[in-house]
Amino acid sequence: MPDEPQTRTQSRTQTPTRTDSHAPAAPADGAGTAPAATAPQQQGTVWLARFLVVGLVLAALNLRPAITSLGALLEEVRTGLHMSGGVAGVLTSVPPLCFAVFGITAPRLARRFGPGAVVFAGMAAITAGLVIRPFTGGTAAFLAASALALMGIAVSNVLMPVIVKRYFPDRVGTMTGLYSMALALGTSLAAAATVPVTDALGGSWRAGLAVWAVLGALAVVAWLPLVRHRGGDAAPAGTGERAGTGPAGAGRREAPAPAFRITRSRTAWALGCFFGLQATGAYITMGWMPQIFRDAGVSAGTAGVLLAVTMVMGVPLAFVIPRLATRMKNQGPIVVVLGLCGLSGYAGLHFAPAAGAWAWALLLGVSNCAFPLALTMIGMRSRTGGGVVRLSAFAQSVGYLISIPGPTLVGALYEHSGGWGTPLVLMMGLMVPQMAVGIIAGRDRTIEDEA
C-alpha cells in the first residue's frame, strides 16, 4: 500500500511515452503546466485526437466541391436559370472574392467563439448553401446561396492551419499534408464525378449539385462532438487563455501573441503575394487548360482527363511536400523546384501543346502543389497559435485578392490576340515573381521576429 502513490505517479509519467503522438507538448518560454493527467483524461485526449483527425479530413474534403461541382455543370445551370454569359463570368470570380472578404473575419470569430466552433459553423454554412442553391428560382438567390457556402469555405480555409498549429504543433507537416491531400481529393472528386452522378440521378443538374451537401453533413456530424467536448474553446491559442486539452496542447498555457501590426512584416507580405500568385496559376489552370488543349486539336474528353490528371497530382504530393518542408529550415529550394515545373509546363503548352500534353499536365500538377507548401509555411512563420490566426487570415485574404483578375485577364488576352501565345507568356512571366516572393517567405524566421 505505501508504494501505491509512487506506482500511480510512475504510470502517469510513462503514459505519454507510449502514446507520444498524442502527448502534451512541453511548455515553452516558461509557460506553466497543468497537473499530470489521470487515465480518463489521457483517454479523452486520445479520443479527441482521433476525432480531430477525422474532422480535419472531412472539413478539407468540403473546401472545394461547391466550386468544382458548379464548374462541371455551369452550362446546364446557365440554361436552367436563364443566366447571361456576363453573370456566369461573375459567378466564376465569386470564390476568390468571397475567400478574401470573409476570410479576413476569421481571426475575430476565432477569438470570440474558438477556432473549432467557427469551423463547425463553416461546415454548417457550406451544407446549407449546397442544399439551398440548386432549388432557388432565380439567379440572385442562386448567387446568395453560393455566397453562403463560400463564406463557410473562407473561414475554414483560414482556420485549418490554426487548428493544426494549436493541436498538433509537433506534427505540423504531417497534419498539413493530410488535410491538403484531402482538399485535393475533394477538388478532383467533385470535378470528375459530378457529371456521372448527375446522369445517374436522372440528368437533373439540381440533384447533381445538391448531392454534395451529403459530404458537408458528414463534416457537421464529425465536428459537433468536438465543439461540445471543447465547451471552453472560446479562447484560441495565443490569447493567454488556457490552450485546452487538445492532443499536443493539453494542459498547456501559451504565452500571449505580441501585439504588432502584421502589415509591417515583410514575411507576411511575401507569404501573401506567394499565396496569391500560386492561386492565380491554379485558377487559370482549372479554368483554361482544357480549352488550351482543345484548341490544339485534343479531343474534349481527353482534355478533361488531362485536367483531372493535373488535379490528382496534388493528392500524393500534398502529403509529401509539407512533411519535407517542415524538415527544412528554409523552404526556398522547394519554391524554386515547383516554380520551374510550372515554367516548364506553360512553356510546353506554348510550343507543343498537343505533342507533350501528358508531360505538361503532370508538370503543372506538380507546380500547383505550391498551395500546400504555402499552408505549411503559414504554420511555420509564427511562434503562437494567435499569430498563425492573424497570418493565415492576412496571407489568404491578400492572396485571394491578388488572384481575382488572373483568369479574367487571361480570357481577355486570349480573345484579343486570337490565340494562346500571349496568355501563356503571361503565365510563364508570373512564375518568376512567384519564386522570388516564395524564397523570401521561406526564410527561417517568424512574423514575431519582425515585430
Does segment 176-192 contain any residue that is modelled with pLDDT under 85, open to solvent by 40 Å² or more (accessible area, probe 1.4 Å) and of a type in the set (A, V, I, L, M, F, W, C)? yes
Any idea which of A296, A308, A268 is more than 30 Å from T422 (Cβ to Cβ), touching a residue at least 12 places away in the same chain (Cβ under 8 Å) and surrounded by 15 or more Cβ atoms within 10 Å (Cβ to Cβ)? A268
The lone condition G137 fails out of (1) outside any helix (DSSP H, G or I); (2) of a type in the set (G, A, S); (3) open to solvent by less than 10 Å² (accessible area, probe 1.4 Å) is (3)
Do we have any residue at all in segment 359-380 that's on the phi > 0 side of the Ramachandran plot and not hydrophobic (A, V, I, L, M, F, W, C)? no
Among V101, V46, V77, the single one that is closer than 30 Å to G406 by Cα, surrounded by fewer than 20 Cβ atoms within 10 Å (Cβ to Cβ) and at pLDDT below 90 is V101
Based on what the data block shows, is V221 at pLDDT 90 or above, assigned to a helix (DSSP H, G or I) and open to solvent by 10 Å² or more (accessible area, probe 1.4 Å)? yes
Pairs where the first residue, in segment 184-211, is without any contact (Cβ under 8 Å) to a residue 12 or more places away in the chain and the second is open to solvent by less than 60 Å² (accessible area, probe 1.4 Å), C-beta under 6 Å, 6+ apart: L201/A207
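In this structure, is L364 open to solvent by 10 Å² or more (accessible area, probe 1.4 Å), assigned to a helix (DSSP H, G or I) and closer than 17 Å to A279 by Cα? Quick ask: steps written out before the conclusion?
On the way: open to solvent by 10 Å² or more (accessible area, probe 1.4 Å): no; assigned to a helix (DSSP H, G or I): yes; closer than 17 Å to A279 by Cα: yes.
It is false that L364 is open to solvent by 10 Å² or more (accessible area, probe 1.4 Å), assigned to a helix (DSSP H, G or I) and closer than 17 Å to A279 by Cα.
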Report the residue count in segment 436-451 for those that are assigned to a helix (DSSP H, G or I) and over 22 Å from A100 (Cα atoms). 6
Looking at this structure, is T127 modelled with pLDDT of 90 or more and of a type in the set (S, T, Y)? yes
Among the numbered criteria (1) open to solvent by 10 Å² or more (accessible area, probe 1.4 Å); (2) farther than 18 Å from W223 by Cα; (3) in a helix (DSSP H, G or I); (4) touching a residue at least 24 places away in the same chain (Cβ under 8 Å), which single criterion is violated by M83? (3)
Selection count, segment 193-217, where residues are assigned to a helix (DSSP H, G or I) and surrounded by fewer than 16 Cβ atoms within 10 Å (Cβ to Cβ): 5
Just one of I132, I163 is part of a helix (DSSP H, G or I) and surrounded by fewer than 23 Cβ atoms within 10 Å (Cβ to Cβ); which is it? I132
Contacts under 8 angstrom Cβ, first residue in segment 132-155 being closer than 13 Å to V77 by Cα and free of Cβ contacts under 8 Å to residues at least 24 places away in the same chain, partner buried (at least 23 other Cβ atoms within 10 Å of the Cβ) and among the small types (G, A, S), 6 or more apart: none
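The values are calculated or read from the model by the stated rules, or taken from the named source; none is laboratory data. The shown structure was predicted, so the numbers you read here are calculated from the model rather than taken from an experiment. When we count neighbours, we look across all protein chains shown, and the Cβ atoms used for this are built from the backbone with ideal geometry, even at glycine. These accessible areas exclude ligands, DNA and RNA; they are computed on the full protein's heavy atoms, side chains included. Shrake-Rupley method; radii C 1.70, N 1.55, O 1.52, S 1.80 Å.
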